[in-house]
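Structure incoming, see below.
Just so you know, all these numbers are worked out from the coordinates, no wet-lab data involved. No experiment lies behind these values; they were computed from the predicted model shown. All Cβ positions, glycine included, derive from the backbone under ideal geometry; neighbour counts span all protein chains shown.
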C-alpha cells in the first residue's frame with residue numbers, strides 16, 4: 001500500500017531530478033551572480049542548499065539538530081552527492097515524525113517541504129546562471145498545495161515576499177513562484193527571475 005510518506009518521497013525524487021539538471025549549468029565564474037534571494041549571491045545560495053540537504057538527510061533519523069550556521073565550501077559535485085544521499089536516506093527511513101528542536105513534524109510534511117525548497121531554489125539557481133529550465137508542470141502542480149500549507153502570513157516579509165498576482169489560468173509553475181513571492185517577468189510562456197534582489201524578495 002502506498003503511504004503518504006511514499007508519495008512525499010516520490011515528490012522529493014522529482015524535485016531532485018529537476019534541480020540536478022539546473023545545477024549542471026553552474027560554473028565557477030557565476031558564483032558572484034545575484035539570485036532572486038535577497039542579498040544572496042549564487043555561492044551563498046549553493047551553501048544554503050548544501051546545509052538544507054544535510055538537515056533534510058539528518059531528519060531521516062527522526063531528529064534534526066538545531067545549531068547555528070556553519071562554514072562550508074560549496075561544490076556542485078558535493079550537492080549532487082548529498083542529493084543522492086538524501087533520497088537514499090528517505091527511501092529507507094520510516095519515522096512517523098521528526099523532532100526539530102522542541103517541535104515535531106510529520107515525516108510526509110517534512111519530506112514535501114524538502115521537495116518544495118529544493119525545487120524553488122533550483123529555479124533560483126537557474127535564474128542566476130541564465131540557463132534555468134522551467135519547473136515541470138506536474139511537479140509545480142503537486143507543490144502548489146504544499147506551499148499553501150507550509151507558508152503562512154508570518155513568513156511574509158521574513159522568508160518570503162508578498163504573493164504576486166497571476167492570471168487564474170496561468171501555468172502551475174508561474175502560480176507556484178508567484179505565491180512564493182518570486183517576481184515574474186517576460187513574454188507569455190516564459191518565467192524569468194527578477195534581477196533586482198531588493199528587500200523582501202523570497203529566500
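Wrap a convex hull around the Cα atoms of region 4-135, take a quarter of its surface area, and give that in square nanometres.
Approximately 7.6 nm², given one-decimal rounding.
When ranked by the protection proxy of mean other Cβ atoms within 10 Å per residue, highest first, what sequence do the peptides 99-110, 123-134 form? Mind showing how you got there, number by number?
Values: 99-110: 15.1, 123-134: 20.7.
Sorting 99-110, 123-134 by mean packing, highest first, produces 123-134, 99-110.
How long is the gain from residue 7 to residue 61 if the chain were fully straight, where each residue apart is worth 0.36 nm and the alpha carbon distance is subtracted?
Numbers: separation 54, 0.36 × 54 = 19.44 nm, distance 1.87 nm.
Extra length available between residue 7 and residue 61 comes to 17.6 nm.
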